[in-house]
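Scroll down for the structure; my scribbles are underneath it.
Read-outs throughout are calculated quantities, based only on the coordinates presented, and are distinct from any laboratory measurement. No experiment lies behind these values; they were computed from the predicted model shown. Methodologically, a virtual Cβ is constructed for each residue, glycine included, from the backbone with ideal geometry; neighbour enumeration extends over all protein chains shown.
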Amino acid sequence: MKSRLARGAGIFALAGSICLDPGVKTAAQEKEPPVNAEEKLAELRKKIAGSENKPAEEVFKNIQLLKGVPASRVLRMMEQGYSRSLGVNCVHCHVADQWEKDDKPQKQVTRDMAAMTAAINNDLLKKVKNLKSENPTVNCTTCHRGQVRPALGLPAAQPAK
């Protein structure tokens, strides 16, 4: 039986294979018109005006991952967290103006990756001895570094001086 740490390492390896390559577009994505993410975020901010502090699930449809988070914070998390961590904009995971739809597999991949990150942070990292951090954490950027595919390779070795 595999240890939890070994299973966690397997999940990281699997994560690299399930992320979708932004350079390869599906037929549906080929038909999508370009979207101005800043414009769409501005529209959403206007739409939720007056409800910014309400829990996300009271303001947005089909919230599964960020229940209880204030609606305005959800938009910041999407823009500054997910988008920047993966180097994408809203329509990578969402159907523009139909944000609640689950039509794109990337949306579920994100939910699953968030669950993986939570398991690593809440269970696995706490069992690693001799870490210098009192509360070690990983997040999307830990692996993705601004790219859809996790950074699985290492830079070329530098010759010794």
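Approximating the spin labels as points 7 Å out from Cα along Cα→Cβ, the residue 145-to-residue 67 distance works out to 3.6 nm. Whole-percent P(r), the range 47-154, all Cα pairs, 10 Å bins from 0: 13, 39, 33, 12, 2.
Give the peptides 49-55, 125-131, 68-74 in descending order of average Cβ contacts within 10 Å, highest first. Could the numbers behind the result be given before it?
Numbers: 49-55: 12.4, 125-131: 9.7, 68-74: 16.6.
Answer by packing, highest mean first, reads 68-74, 49-55, 125-131.
Rounded to the nearest Hz, the phi-derived 3J(HN,Hα) couplings of the range 38-50 under the Karplus curve 6.51 cos²θ - 1.76 cosθ + 1.60 (θ = phi - 60°) are 4, 5, 5, 5, 4, 4, 5, 4, 5, 5, 9, 3, x, where x marks glycine and proline.
Only four residue types carry charge here, +1 at the Cβ of Lys and Arg and -1 at the Cβ of Asp and Glu. Report the dipole size of the range 36-144 about the Cα centre in Debye, rounded to the nearest 20.
Details: 18 positive and 14 negative charges, 75 e Å.
Roughly 360 debye for the range 36-144.
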